[in-house]
Amino acid sequence: LTEAFLAGKEVIDKLNSHNHQAFFVGGCVRDLLLNREIGDIDIATSAAPKMVQNIFDKVIPVGIEHGTVIVRHKQQSFEVTTFRVDGKYTDQRHPDEVTFVSAVDKDLERRDFTINALAMDMNGKIIDLFGGKKDLQQKVIRTVGDGYERFTEDPLRIIRAIRFSGQLGFFIDHDTLQAMEQVKKQIKNLAKERITQEITKLFAGSYLNLGIDYLKRTEIYKNLPIIAQYPGIIHKLPKSLKPLYSFGETIALFHYIEPQVPIINWVKAWKCSNKIKQEAIQLIDALRYYQEHQIDKWLVYQLDSVYYSGFDRLISIFHPEDYPIEPTMKKLVRELPIQSKKDLALNGNHLMEIFPEAPKGPWLKNTINRLEKEVVLGRIINTKYTLKEWIRCNPPEIN
Ligand code: ATP
Ligand code: MG
């Protein structure tokens, strides 16, 4: 067990010692049995949120109304949720109300797939009411209970099924798949950010090609924002994609395939953050530049270094013969003569001294930009003297 699991055991132990039931549940149990790296550790308990708050020193009330608090223990975070059953999802976003229950059974029953409906006590004993262990062994995604009902209750589960297949390399059970196709039209009612979250995880999956195959075969992609209007995007996806770790990379991929759809449309339709937008814009600019110039100092200077590995992943898709390119980028960035405009030996004030007659105007910024590029590309040395000489030979158009 990892350090986090050991700390989690202590959380469960403490709840038990206060006469509450408590179990590891959901993804962490699944991933433990699969020997996969474990993400967040979720704990389900019979204790009401108030009681959990009383028992532990550091508790963050992130979703009290849904019964969830975060317990901090040994520098780790644990989502501790009171056993509950969900009410109706009339807006197809959140359940209208949740009801706390006393037994873990009901809590497991509300979960989406058998492989996600396992619980484990602090001694490692597994509670498996729906054949989740067998489905893990046989690599099958199957709904807990009737697929049609469960997908109608929350159509996001349709996309989650595909996401898990792309993450785990699992096949979707035949009946479950059929139910997905029956209910897929309701995907359009979902809150877009929920869809984005799942599709982000799908594209980051080690088996994403399997997931994409399901998207195609079931035509579920026809119910996704924008892709519904541009179905070609899915069909033009390269045959063997490598995982993309951020949705900004995925937007860049889509936009590169279908330039007709501006980045901003993706950002709006998929309710992305400004951070994702910036990432997508930077990656696309770099890809376009790369098409014409290959890798050079200007490219690595322009692209924020946090996006280098994402750029490399896109290169592996569109220019596999050039992959990997990140080592070259890292070498070039170390050799850059300047880090930003501020490092230029000449600034706007100097330019106005050189051309005392000229009025202020866009020519100043344009000239600085030209100097910046010349210096970055190593065509001129960054000293006041050489920059002045260059300007004398390449006088700006003063407007
Ligand atoms: P990951 O490793 O990606 O976090 P996960 O299984 O933990 O995978 P989450 O989305 O974090 O997935 O959800 C945690 C658990 O909550 C799931 O394992 C599942 O039991 C339950 N769950 C989450 N979303 C739903 C849903 N829409 N319907 C039913 N159960 C759900
Ligand atoms: Mg999780």
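Laboratory data are not the source of any read-out in this text; all were calculated from the coordinates shown. Values in this document were obtained by computation on a predicted structure and should not be read as measured data. So basically every Cβ, Gly included, is an ideal-geometry build from the backbone, and we count neighbours across all protein chains shown.
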Ranked list, fewest to most other Cβ atoms within 10 Å of each Cβ, for Asp121, Asp13, Asp57: Asp57, Asp13, Asp121
Cleavage-rule hits (GluC sites (Glu not before Pro)) in the stretch 326-362: DSSP loop, at most 11 neighbouring Cβ within 10 angstrom: Glu335, Glu357
Sorted peptide list for 361-374, 103-116, criterion being average Cβ within 10 angstrom, highest first: 103-116, 361-374
Nearest-ten-degree value, helix 274-293 long axis tilted from longest Cα axis of the chain: 50
Packing-based exposure ordering (other Cβ within 10 Å, fewest first) of Cys393, Cys272: Cys393, Cys272
Those aspartates and glutamates that a straight Cα-Cα span of less than 19 Å connects to Lys342, excepting residues fewer than 8 apart in one chain: Asp304, Glu353, Glu372, Glu374
Derived scalar couplings ³J(HN,Hα) [the stretch 61-69; Karplus, 6.51 cos²θ - 1.76 cosθ + 1.60; whole Hz; x for Gly, Pro]: x, 7, x, 3, 5, 9, x, 10, 10
Amide H within-cut-off set for Gly169, under 5 Å, with H built and near neighbours excluded: Tyr207
Long-range HN-HN contacts of Val144 with modeled amide H, under 5 Å: Phe113, Thr114
Radius ratio Rg over Rh of the stretch 300-399, counting only Cα atoms, Kirkwood formula for Rh: 1.11
Set of lysines near Lys222 by C-alpha distance (under 21 Å), chain-local residues within fewer than 8 positions excluded: Lys184, Lys185, Lys188, Lys192, Lys201, Lys236, Lys239, Lys268, Lys271
All aspartates and glutamates inside 17 Å of Lys74 as judged from Cα atoms, apart from same-chain residues fewer than 8 positions distant: Glu3, Glu10, Asp13, Asp40, Asp42, Asp57
Under 5 Å, built H, 5+ apart or other chain: amide partners of Ala119: Ile127
Vicinal HN-Hα couplings computed from phi for the stretch 125-131 (Karplus, 6.51 cos²θ - 1.76 cosθ + 1.60; Hz; Gly/Pro x): 6, 9, 9, 9, 8, 10, x
The chain - Debye-derived log10 I(q)/I(0), Cα point model, q = 0.14 Å⁻¹: -1.20
The chain, helix-only ellipticity at 222 nm - DSSP H runs n ≥ 4, -39,500 (n - 2.57), divided by all residues, nearest 500: -14000 deg cm²/dmol
³J(HN,Hα) computed for each position of the stretch 305-311 - Karplus, 6.51 cos²θ - 1.76 cosθ + 1.60, integer Hz, glycine/proline x: 5, 5, 9, 4, 5, x, 4
Fraction of beta bridges assigned by DSSP in the chain that are antiparallel (%, nearest 5): 75
Principal-axis tilt of helix 192-203 within the chain, Cα atoms, nearest 10 degrees: 80
Nitroxide proxy distance, nm - points 7 Å out along Cα→Cβ at Ile60 and Asp146: 4.0
